[in-house]
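The values are calculated or read from the model by the stated rules, or taken from the named source; none is laboratory data. None of these values were measured; they are calculated from a predicted model. Please note: Cβ atoms are built from the backbone with ideal geometry, for glycine as well, and neighbour counts cover all protein chains shown. Side chains included, ligands, DNA and RNA excluded: accessible areas come from the protein's heavy atoms. Shrake-Rupley method; radii C 1.70, N 1.55, O 1.52, S 1.80 Å.
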Amino acid sequence: MTERQVMEYIEQVSSFGIVPGLDSIRELCRRLGNPQKRLHFIHIAGTNGKGSVSAYIASVLRCAGYRVGRYISPVIFEYRERIQVNGRMITKNAMCYGIERIKAVCDEMVSEGLPHPTAFEVETALGFLYFLEKNCDIVVLETGVGGLLDATNIVENTITAVFTSISMDHMKLLGNTLEEIATQKAGVIKPGCAVVSTPQNVKAMEVLSRRASELSCSFAVSDPGKLDNVRFGLERQRFDYGKRKKLEISLAGRYQVENAALAVEVLDVLGERGFPVKEEQLRRGLRETEWTGRFTIINKRPIFIVDGAHNEDAAKRLAESVSFYFTNRKIIYIMGVLRDKEYDKIIALTHEYADHIITVTSPGNPRALPAYELALEVAKVHPKVTAVDSLEEAVEMSQLLAGSEGVIIAFGSLSYLGRLMEIAGATSGKAAKRHGR
């Protein structure tokens with residue numbers, strides 16, 4: 001298959017949507033030789049922060065000399081970002097060959113009366129094949145939606161199950177209460193693995209700790225109380241965590257020190273489970289971590305930030321960072337969301353910090369809320385809002401409104417941020433790589 005044929009096939013398969021359950025991915029992987037059974041995993045679940053925490057962990061392990069696979073969702077710039085080994089995307093040749101092989105198996109399954117695997121199941125199987133081919137020592141594996149019935153959850157060799165913050169999102173698939181959602185996330189815990197979590201709501205924590213106990217797992221929680229001497233910044237942030245002094249990260253956002261603290265706890269546990277990391281390797285790995293699209297500075301005059309805040313919890317964290325970093329600055333928002341998100345709550349949490357809000361439609365996404373409909377919602381609480389027809393118009397208008405001393409913050413669905421960054425002229429520069437969530 002050619003690259004174009006691969007993308008056409010994935011687009012075709014994407015029409016099947018999200019189908020929770022493991023039967024299809026199990027059968028697909030069985031026919032592919034069960035590559036996942038020969039790999040070891042750090043399995044990460046949660047509502048927000050999975051990408052940042054996985055980026056820290058993968059960076060440190062890579063600095064320690066391990067061959068590290070990483071499976072992420074969603075992507076920003078290019079489809080191949082989803083599958084990486086030591087920070088490099090899957091090659092085009094490997095992707096084309098792998099998808100061709102997987103397609104043949106899927107066609108065989110359909111001919112036997114079985115359902116066609118979903119796009120996410122196809123991609124997950126491709127990741128397993130590639131990580132095995134590249135002889136990865138360990139794979140940092142992010143769930144897609146939930147955990148228990150997520151396609152990634154066919155893995156068995158989980159060394160550590162990691163939980164970032166759990167909050168309300170994907171309720172149609174995961175449940176309408178925090179306990180129900182946490183139960184789905186807790187599904188990634190495997191017997192005897194180590195469990196490490198960020199502090200959670202009491203109800204979510206009860207679910208995680210109970211499941212860990214049932215499966216005879218150790219259970220650790222990162223402790224914000226151990227964070228000290230925190231020096232926040234847009235270029236770099238420094239902090240102490242327990243006995244470790246003067247740790248440094250280059251990702252912006254107030255919440256990033258907490259994400260880094262969770263990663264440190266995970267890395268300490270991994271050291272006890274056969275993946276030791278030296279202190280200087282941990283420090284260098286944290287410092288060199290890159291994660292684009294999460295409170296990422298892409299230009300400096302005016303300051304232009306993109307952030308994938310697409311649900312209530314992420315909007316709270318974005319609002320905290322905006323109010324902390326940019327007091328007494330003129331702030332222009334560019335906002336684009338998906339129709340199935342709680343955009344009314346996102347608006348409520350963020351609108352007060354903006355002088356003007358520009359709404360956009362995420363291009364090429366059938367789930368996108370039209371810019372005009374979003375503007376009507378914003379207008380209920382904010383007097384200055386403009387719906388525009390294109391991302392180009394949004395960038396041009398925001399720059400005119402902000403002037404050289406203002407701040408532009410584009411947020412909402414990750415699906416439009418990659419294209420927006422290209423338009424803003426930052427994707428080829430270092431700024432687009434150095435900061436993130």
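In plain terms, the chain from ALA104 to GLU156 could stretch by 16.2 nm, reckoned as 0.36 nm per residue minus the Cα-Cα distance. Per-atom-type breakdown for the stretch 278-418 gives carbon and sulfur 48% of the accessible area (1.4 Å probe, protein chains only). The Kirkwood radius of the stretch 159-274, taken over pairs of alpha-carbon atoms, gives through the Stokes-Einstein law at 37 °C and 0.692 mPa s a diffusion coefficient of 216 µm² s⁻¹.
Among beta bridges from DSSP that stay inside the chain, the antiparallel ones total about 30%. Taking 0.36 nm per residue of sequence separation and removing the Cα-Cα distance, the ASN86/VAL202 pair yields an extension gain of 38.1 nm.
Cβ-Cβ distance of SER216 and ASP340, R₀ of 45 Å, FRET efficiency by 1/(1 + (r/R0)^6): the value works out to about 0.75.
With 10 Å bins beginning at zero, the pair-distance distribution over Cα atoms of the stretch 1-45 amounts to 21, 32, 43, 4 %. Grouping the Cα pair distances of the stretch 247-356 into 10 Å bins from zero gives a pair-distance distribution of 12, 38, 28, 16, 6, 0 percent in increasing distance order. Shape descriptor for the stretch 34-154: Rg over Rh equals 0.96 (Cα atoms; Rh from the Kirkwood inverse mean 1/r). Over all other residues within a Cβ to Cβ distance under 9 Å of MET109, the charged ones net out to -3, with Lys and Arg as +1 and Asp and Glu as -1. Legend: residue pairs LYS37/LYS278; LYS341/LYS380; LYS185/LYS380; LYS190/LYS226; LYS226/LYS316, Cα-Cα distance threshold 26 Å; pairs beyond threshold, LYS37/LYS278; LYS185/LYS380; LYS190/LYS226. In loop segments of the stretch 81-171 as defined by DSSP, the GluC sites (Glu not before Pro) with at most 10 further C-beta atoms inside 10 Å of their C-beta are GLU112. For the stretch 191-229, list residues with backbone N below 17 Å from a point placed 7 Å from the Cα of THR177 toward its Cβ? Backbone N within reach: 201-211. Using label points projected 7 Å from each Cα along Cα→Cβ, tell me how many nm separate GLU422 and SER111, to one decimal. Using points 7 Å along Cα→Cβ, the separation is 3.8 nm. Subtracting the Cα-Cα distance of ASP240 and SER390 from their residue separation scaled by 0.36 nm leaves 49.6 nm.
Net charge in the neighbourhood of MET89 (other residues with Cβ under 11 Å of its Cβ; Lys, Arg +1, Asp, Glu -1) is +3.
Heavy-atom accessible surface of the stretch 173-314, averaged per residue, reaches 43 Å², computed with a 1.4 Å probe. Net charge of the neighbourhood of GLU392, taken over other residues with C-beta under 15 Å away and scored Lys/Arg +1, Asp/Glu -1, is -3. Here's how it looks for ILE409: its modeled amide H is under 5 Å from those of ILE305, ILE332, TYR333, ILE334, which are all 5 or more places away or on a different chain. The amide H of ASN299, built 1.01 Å from its N in the peptide plane, has PHE304 as neighbours under 5 Å, considering only residues 5 or more places off or on other chains.
If contacts are Cα pairs under 8 angstrom and at least 6 residues apart, what is the relative contact order of the stretch 240-287 in percent? Once normalised by length, the contact order is 46 percent. The residues of the stretch 38-143 expose on average 34 square angstrom of accessible surface per residue, using a 1.4 Å probe on protein heavy atoms.
Across q = 0.10, 0.14, 0.22 Å⁻¹, the stretch 1-97 modelled as identical point scatterers on its alpha-carbon atoms has Debye log10 I(q)/I(0) values of -0.34, -0.69, -1.51, in the order of the q list. For ALA387, the amide hydrogen comes within under 5 Å of the amide hydrogens of THR359, counting only partners 5 or more places away or on other chains and with H modelled in the peptide plane.
The convex hull of the Cα atoms of the stretch 91-245, projected and averaged over all directions, covers 13.1 nm².
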